[in-house]
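The values are calculated or read from the model by the stated rules, or taken from the named source; none is laboratory data. These numbers come from a predicted model, not from an experiment. FYI the Cβ positions are ideal-geometry reconstructions off the backbone, even for glycines, and counts take in every protein chain you see. Note: accessible area is taken over every heavy atom of the protein model, side chains too, but ligands, DNA and RNA are not part of it. Shrake-Rupley method; radii C 1.70, N 1.55, O 1.52, S 1.80 Å.
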Amino acid sequence: MFPKETHPTNFNLSSLRILGTVGEPINPEAWMWYYENVGNNQCPIVDTFWQTETGGHVITPLPGATPLIPGSCTLPFPGIDIDVVDENGGNLKWGNGGLLVIKKPWPSMIRNIWGDPDRFKKSYCPTCKQGIEHEFKTSIIADKDKKIVELEEGLKQLAIKNKVYTDRLEAISVLEDQIRDGNLKIGDHRATIKMAKSALMSYKNELDRAEKDVEAIDTTKLNSLNETLRTTKSDQEVLHKDKETLSVVQAILKDGGIKTRIIKQYIPVMNKLINTYLGAFDLFVDFQLDENFNEVIKSRFRDAFSYASFSEGEKLRITLSIMLAWRSVAKLRNSVSTNLLLLDETLDGALDAVGIENLIDQLHNLNADDNIFVISHRGLQFGDKFDSNITFQKVKNFSEIV
């Protein structure tokens, strides 16, 4: 019995979730008292059976998974093969009492006692007296050693073949790349030849028509046609030079050309601006783009994230930061004026109040010559944040200025 001052009802036990016992199962009366007075008829009891030589629980209920029975430790723990047998080792039918046995070894079972193997044999394994014949043990070991040698030799042969096949695949990949490049060059040459043949046929037709009309025209017209021919040839030379120039420009602008070097030059600037705007939006992550515009996002603890792992509000912060960074780079390097910004229903989306305040602050920090239009259904809420407002109302399915 508990002294009155230490009885469980004198304490707040509402935080309890699971109750447990160890060693032998408790009797049904004690189980019910434990369940009602300590667990408040809510906490499952892990009533366990185990011994020193078992190394851990061998029969125990799993909380929330095993039906509970007062006074019973229920079912074997997963991996433990339990049975009830008679004195001769015969299986007994369900419901009959007998000897509790564990039929197979398990990982936590006792194997020895440190520094005292004799005590282990006397206390925990008094019947383990069966020996193994030396010839049988030697034969088994020899067979296993032979198998190990065979497997090691097989692994060596597989490694050699794997290297041969890997080298062959790499060589094939190189040849495929060369063939692909060659096919691209062939395609370019064929297009050039086709265009040249078409131009040559056009000129030949014009020449044929001119020869037919020679007798019907006077010298003045002939001289005019000769001049036209010279002009046409001159134009042809100019076009060929332009074509060569355009081919060089095309090669430069392909991936791997000067375009890639230009992108690499501006990528650090864009990443710095993006992270500056992210900080202004109170989203403290490290956002980096490579020259192929693949993003790498890491937290302050250097955990890697993807764009999809963020909330909608955080995604919008990232999108706005990228947009403002691109606009800043364009404004710095573009020869065309970059002074117009339209935000359609951005304030009506996933941004919270703090994100909206941060966005409005960033808009006010833009250059004075920028023309910024913010379209929102929440004009009454944010109208005082801007210098001027235009209010529209819907009249007969048309928008009119109020």
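Are any residues in segment 113-134 in a loop (DSSP other than H, G, I, E, B), surrounded by 10 or more Cβ atoms within 10 Å (Cβ to Cβ) and either modelled with pLDDT under 80 or not hydrophobic (A, V, I, L, M, F, W, C) (or both), and if so, which ones? Within segment 113-134, D116, Y124, C125 qualify.
Looking at segment 306-331 only, could you name the residues that are crowded, with 16+ Cβ neighbours inside 10 Å and of a type in the set (A, V, I, L, M, F, W, C)? Across segment 306-331, the qualifying residues are F310, L316, I318, L320, I322, L324, A325. Taking residues in segment 38-59 that are under 18 Å from V101 (Cβ atoms), and partners anywhere that are hydroxyl-bearing (S, T, Y) and surrounded by fewer than 18 Cβ atoms within 10 Å (Cβ to Cβ), the pairs with Cβ atoms closer than 6 Å and at least 6 places apart or on different chains are E53/Y124; G55/S108; G56/S108.
For segment 34-71, a tally of residues being surrounded by 14 or more Cβ atoms within 10 Å (Cβ to Cβ) and closer than 22 Å to T6 by Cβ returns 7.
Per-residue answers, yes or no, for (1) closer than 26 Å to T192 by Cα; (2) open to solvent by 60 Å² or more (accessible area, probe 1.4 Å); (3) β-branched (V, I, T); (4) modelled with pLDDT of 75 or more:
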site	(1), (2), (3), (4)
E206	yes, yes, no, yes
K212	no, yes, no, yes
I217	no, no, yes, no
K221	no, yes, no, no
S224	no, yes, no, yes
E237	yes, yes, no, yes
H240	yes, yes, no, yes
K243	yes, yes, no, yes
I252	yes, yes, yes, no
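Checked against the criterion of being part of a loop (DSSP other than H, G, I, E, B) and more than 30 Å from K121 (Cα to Cα), segment 48-60 contains not a single residue that satisfies it. The residues of segment 368-382 that are farther than 11 Å from L347 by Cβ, open to solvent by less than 70 Å² (accessible area, probe 1.4 Å) and not in a strand (DSSP E or B) amount to a single one, D370.
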